[in-house]
Amino acid sequence: MELLKAVEATIDFGGVRAVNGVNLVVEQKQILGIIGPNGSGKTTFFNILTGIYTPTSGKIYLENTDITGWQSHRIVQMGIARTFQNIRLFGNMSVLENVLVGEHTNLKSSLAGAIFRTKGQKQDELRAYRRAEELLEFVGLVDRGNEYAANLAYGEQRRLELARALATEPKLLLLDEPTAGMNPSEAEQVMDLIHSIRSNLAITIVLIEHNMQVMMGTADWIVALEAGAKIAEGIPKDIQYNKKVIEAYLGEEEE
């Protein structure tokens, strides 16, 4: 069953076409990977999906709802969360507080409830704290909840960013190079966590990743971009030996 669909998604910047007529379908509970050389439009495409950019033309649908051009906060409320290539945590806030930032989209209390500290407001806050602690346990950081986020090791910060994104209770999680800068052991831990997110939380995942070992061991289906356009898609094994992908992404020619 389709969860997300992009139809001829296109965006221009000052006469430069950064994303060129991309068609893409993401099935529920799928792990879909997007690969391509630097400048191929991968992150720009993510920015279209999450409302950071409005496409010049084309449509984006989430469960048959046209979300093209919606503001980012509305798209988060609809069920799309993301992480970024460059970690964007609040370093001077605690690990737990960083996750609670993601919880704010699920708070149901009114302004009056917040001002007068009603019973409903207190219950809402308690639920948010419990959920945040559950997520920290899920990503292996429950014992670090009171520490400043800035004091975490790099791999731990990546996992915290995942927990914060999960706190929005997404249907679809977009991961922009989740293993960037990691050693092989850390990257393997993230691969396991991605599979766990899909299997245990029933969340669909789309990831951008330059580490081909991670991509081949994680994704069910891979889409390859070059110069903003889709040049190939298929199961990992097929993409690995696709001539266009080898030439564009790996910079080699097939004999």
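Take Arg164 and decide whether it is of a type in the set (D, E, K, R), assigned to a helix (DSSP H, G or I) and closer than 22 Å to Met1 by Cα. When the stated conditions are applied, Arg164 does not pass them. Under the condition of being closer than 19 Å to Ile34 by Cα, of a type in the set (A, V, I, L, M, F, W, C) and in contact (Cβ under 8 Å) with a residue 40 or more places away in the chain, the residues counted in region 166-201 number 7. Only one entry in Lys119, Lys108 is at pLDDT below 95, more than 27 Å from Ile75 (Cα to Cα) and not acidic (Asp, Glu), namely Lys119. When Glu169, Glu188, Glu147, Glu156 are screened for being modelled with pLDDT of 95 or more and either of a type outside the set (A, V, I, L, M) or more than 20 Å from the chain's Cα centre (by Cα) (or both), only Glu147 passes. Among the residues of region 222-238, is any assigned by TED's automatic domain parsing to the domain that holds Leu3, assigned to a helix (DSSP H, G or I) and loosely packed, with under 15 Cβ neighbours inside 10 Å? The answer is yes, given that some residue of region 222-238 is assigned by TED's automatic domain parsing to the domain that holds Leu3, assigned to a helix (DSSP H, G or I) and loosely packed, with under 15 Cβ neighbours inside 10 Å. Would you confirm whether or not region 208-215 contains a residue that is of a type in the set (D, E, K, R), crowded, with 21+ Cβ neighbours inside 10 Å and within 18 Å of the chain's Cα centre (by Cα)? There is at least one residue in region 208-215 that is of a type in the set (D, E, K, R), crowded, with 21+ Cβ neighbours inside 10 Å and within 18 Å of the chain's Cα centre (by Cα).
Does Met182 satisfy being touching a helix residue (DSSP H, G or I) at 6+ places or on another chain (Cβ under 8 Å), under 26 Å from Asn20 (Cα atoms) and either of a type outside the set (D, E, K, R) or assigned to a loop (DSSP other than H, G, I, E, B) (or both)?
Numbers: touching a helix residue (DSSP H, G or I) at 6+ places or on another chain (Cβ under 8 Å): yes; under 26 Å from Asn20 (Cα atoms): no; either of a type outside the set (D, E, K, R) or assigned to a loop (DSSP other than H, G, I, E, B) (or both): yes.
Taking the combined requirement at face value, the residue does not satisfy it.
The values are calculated or read from the model by the stated rules, or taken from the named source; none is laboratory data. Note that this is a predicted model, so its numbers are computed, not measured. Counting neighbours? That spans all protein chains shown, and the Cβs are built from the backbone with ideal geometry, glycine included.
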